[in-house]
């Protein structure tokens, strides 16, 4: 992308009325980077001299020019000691935002943005979305949402079992209706399967690395603390298969892939929910938690109403 193409595309996003360009014509030259820190400027970069509370980025224009800046964008006029092309704009920060988005081909266009609006329940829905989609790659998790007070009891047991079997965080998400509600349900019969089994105290299998991932499922064998042969380093940071802290992209990507496979393995055990109402239609309403009763009742009412309307139309 040339400097001329960049400026033309930016002008289509933010107004550049009154912008002036002095110091030669560099519109046909290729832009290699967009920078607002003079220390990161490299040959061919466009440097944005931003004005702050205490300092003006224009005072570092000379350093940016010495580093090979193709052009400098600022809100002030070009100093006498700077010879590279200078673009004066009314709002350099706004132009920087548009230029960065344009230079990197508008990466925000590939983001899924969800807006939560309407009546009661906005905060609840926002917490639900944040719980599901927050850090999806680094820490994929299971989110359980009980719909009744009785399910609150059983889902805590289920959460513990899922966390241990699939080695992944599990969240139990309730709402105010369940937290403050009162409901009678049959006294559950205690099941030994609800409790965690006795830990395996036998010697760790020789040749098996502690917490090494299974290539297909992403799951790992879990030694207990003190188990002979199963000693390992505990770390919450990105690490290799040998528990060594690592920040290289390959190790981080492998960890994300393995953790994602855990959820894929869990997904294969789930039963799809049965929709209420017709099997197809123009609108699908998705509820969660204690909204099940109200959502089911509304759907049933809507189905009956549509049936009466069809009956009148055909009668």
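The values are calculated or read from the model by the stated rules, or taken from the named source; none is laboratory data. Bear in mind the structure is a predicted one, so any value in this text is a computation, not a measurement. So basically every Cβ, Gly included, is an ideal-geometry build from the backbone, and we count neighbours across all protein chains shown.
Output the number of the condition that residue 150 fails; it satisfies all remaining conditions of (1) under 23 Å from residue 114 (Cβ atoms); (2) surrounded by 13 or more Cβ atoms within 10 Å (Cβ to Cβ).
Looking at each condition in turn, residue 150 falls short on (1).
Look at residue 229 and say whether it is under 21 Å from the mean Cα position of the chain (by Cα) and at positive phi.
no
Test residue 9 against the criterion of being in a loop (DSSP other than H, G, I, E, B) and either out of contact with any helix residue (DSSP H, G or I) (no Cβ under 9 Å at 6 or more places or on another chain) or within 14 Å of residue 100 (Cα to Cα) (or both), and give yes or no.
It is false that residue 9 is in a loop (DSSP other than H, G, I, E, B) and either out of contact with any helix residue (DSSP H, G or I) (no Cβ under 9 Å at 6 or more places or on another chain) or within 14 Å of residue 100 (Cα to Cα) (or both).
Name the residue, out of 42, 51, that is within 33 Å of the chain's Cα centre (by Cα) and within 14 Å of residue 88 (Cβ to Cβ).
Just a single option satisfies the conditions, and that option is 51.
Considering only region 228-236, I want to know if a residue exists there that is touching a helix residue (DSSP H, G or I) at 6+ places or on another chain (Cβ under 7 Å) and either in a strand (DSSP E or B) or farther than 17 Å from residue 267 by Cα (or both).
No: zero hits.
Being assigned by TED's automatic domain parsing to the domain that holds residue 240, surrounded by fewer than 12 Cβ atoms within 10 Å (Cβ to Cβ) and either free of Cβ contacts under 8 Å to residues at least 24 places away in the same chain or touching a helix residue (DSSP H, G or I) at 6+ places or on another chain (Cβ under 6 Å) (or both) narrows it down to one residue among 206, 216; which is it?
Matching residue, one of 206, 216: 206.
Taking only region 199-222 into account, find how many residues are modelled with pLDDT of 85 or more and under 18 Å from residue 166 (Cα atoms).
Going through region 199-222 one residue at a time, the tally reaches 6.
Within the set of pairs 6+ apart or on separate chains, which have a first residue in region 140-160 that is closer than 15 Å to residue 270 by Cβ, a second that is part of a helix (DSSP H, G or I) and at pLDDT below 90, and C-beta atoms under 6 Å apart?
As it stands, the answer is 140/259; 140/260; 140/263; 143/131; 143/132; 145/289, since those pairs meet every condition given.
What number goes with the only condition from (1) in contact (Cβ under 8 Å) with a residue 60 or more places away in the chain; (2) in a loop (DSSP other than H, G, I, E, B) that residue 265 does not pass?
Exception for residue 265: condition (2).
What tally of residues in region 50-67 results from selecting those that are assigned to a loop (DSSP other than H, G, I, E, B) and surrounded by 15 or more Cβ atoms within 10 Å (Cβ to Cβ)?
Here the count works out to 2.
Please verify whether residue 292 is modelled with pLDDT of 75 or more, surrounded by 10 or more Cβ atoms within 10 Å (Cβ to Cβ) and not assigned by TED's automatic domain parsing to the domain that holds residue 126, treating the condition exactly as stated.
Yes, satisfied.
Residues checked against (1) surrounded by 13 or more Cβ atoms within 10 Å (Cβ to Cβ); (2) within 20 Å of residue 141 (Cα to Cα); (3) more than 20 Å from the chain's Cα centre (by Cα):
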| site | (1), (2), (3) |
| --- | --- |
| 235 | no, yes, yes |
| 245 | no, no, yes |
| 248 | no, no, yes |
| 263 | yes, yes, no |
| 273 | no, yes, yes |
| 277 | yes, no, yes |
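Give the number of residues within region 179-194 that are in contact (Cβ under 8 Å) with a residue 24 or more places away in the chain, under 29 Å from residue 295 (Cα atoms) and either part of a helix (DSSP H, G or I) or in contact with a helix residue (DSSP H, G or I) (Cβ under 7 Å, 6 or more places away or on another chain) (or both).
4
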